[in-house]
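Data block below; observations after.
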Amino acid sequence: ESLGGLARADAVVLTRASAIDGERRKAIRAALTAGGGQRLQEAWMEAEHRPVTVRLADGGTRPLDSLRGLPVVAFAGIGNPAAFRTTLARLAAEVIEFVPFPDHHAYTAADFERLAAQAARHGAAMLVTTLKDLVKVPAGRSHDLPVGAVEIAIEPLSGGEHVAALIDAVASRAGGSTAGRRP
């Protein structure tokens with residue numbers, strides 16, 4: 001999101017916060033909340049991305065440690081594909097090839113067949129992507145190679161209570177509730 005988007009923001013969430021030191025996080029908070037006044041000062045959350053499972057295209061799941069040493073071809077159409085690649089490295093997946101696509105990429109059957117061909121050529125055991133991209137995998141694939149996504153949870157490090165209250169207020173106005181859930 002551009003800095004201009006802060007004018008519309010009800011909250012700011014700094015993700016992957018543990019990747020930077022506390023002083024840098026304070027500087028980022030000061031810069032991003034300066035224009036939003038007290039509203040954004042209170043609605044500030046620092047969070048970490050935490051892998052929780054491997055979700056398969058067929059609806060099943062695998063434990064995260066199933067990626068350890070597994071030869072994979074990875075792909076992602078997200079704003080920061082390098083962060084996904086780092087996640088795979090931390091999970092010790094053997095990334096044979098990594099194919100970045102533009103953010104919000106609309107995958108075609110041809111894209112997927114190309115990925116499957118790369119995986120077959122390199123002897124990959126799986127295609128791995130993000131959960132955002134997994135839902136875009138074309139139906140009716142013509143091969144048996146499993147496709148999975150690393151499911152990520154957002155773990156609040158600080159400020160989660162105020163942001164959770166904002167989310168609950170919005171959900172209540174929409175007829176739902178998030179009571180009892182963490183952001």
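Can we say GLU161 is open to solvent by 70 Å² or more (accessible area, probe 1.4 Å) and either among the hydroxyl-bearing types (Ser, Thr, Tyr) or within 30 Å of ARG25 (Cβ to Cβ) (or both)?
yes
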Could you check region 75-111 and list, in sequence order, the residues that are in contact with a Leu (Cβ under 7 Å, 6 or more places away or on another chain) and open to solvent by 70 Å² or more (accessible area, probe 1.4 Å)? GLU94
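Yes/no matrix, rows are residues, columns are (1) farther than 16 Å from LEU145 by Cβ; (2) in contact with a His (Cβ under 6 Å, 6 or more places away or on another chain):
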| residue | (1), (2) |
| --- | --- |
| MET45 | yes, no |
| PRO51 | yes, no |
| ARG62 | no, no |
| ARG68 | yes, no |
| GLY77 | yes, yes |
| ASP103 | yes, no |
| PHE112 | no, no |
| ALA119 | no, no |
| GLY123 | no, no |
Search result, residues across region 112-138 that are outside any helix (DSSP H, G or I) and free of Cβ contacts under 8 Å to residues at least 60 places away in the same chain: GLY123, ALA124, ALA125, MET126, LEU127, THR129, THR130, VAL135, LYS136, PRO138
Residue within region 20-40 that is in contact with a Ser or Thr (Cβ under 9 Å, 6 or more places away or on another chain), more than 22 Å from SER158 (Cβ to Cβ) and open to solvent by less than 20 Å² (accessible area, probe 1.4 Å) present: no
Could you tell me which of the residues ARG55, ARG8 is within 30 Å of ALA120 (Cα to Cα) and among the charged types (D, E, K, R)? ARG55
Selection count where residues are outside any strand (DSSP E or B), of a type in the set (A, V, I, L, M, F, W, C) and within 14 Å of LEU131 (Cβ to Cβ), scope region 64-101: 5
Kindly indicate whether any position in region 112-127 is farther than 23 Å from GLU48 by Cα, touching a helix residue (DSSP H, G or I) at 6+ places or on another chain (Cβ under 6 Å) and open to solvent by less than 30 Å² (accessible area, probe 1.4 Å). yes
Please state which one of THR33, THR53 is assigned to a helix (DSSP H, G or I) and among the hydroxyl-bearing types (Ser, Thr, Tyr). THR33
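The values are calculated or read from the model by the stated rules, or taken from the named source; none is laboratory data. Quick caveat: nothing in here was measured; it's all calculated off a predicted structure. For neighbour counting, all protein chains shown are included, and Cβ atoms are generated from backbone atoms with ideal geometry for every residue, glycine included. Only protein heavy atoms, including side chains, enter the accessible area calculation; ligands, DNA and RNA are left aside. Shrake-Rupley method; radii C 1.70, N 1.55, O 1.52, S 1.80 Å.
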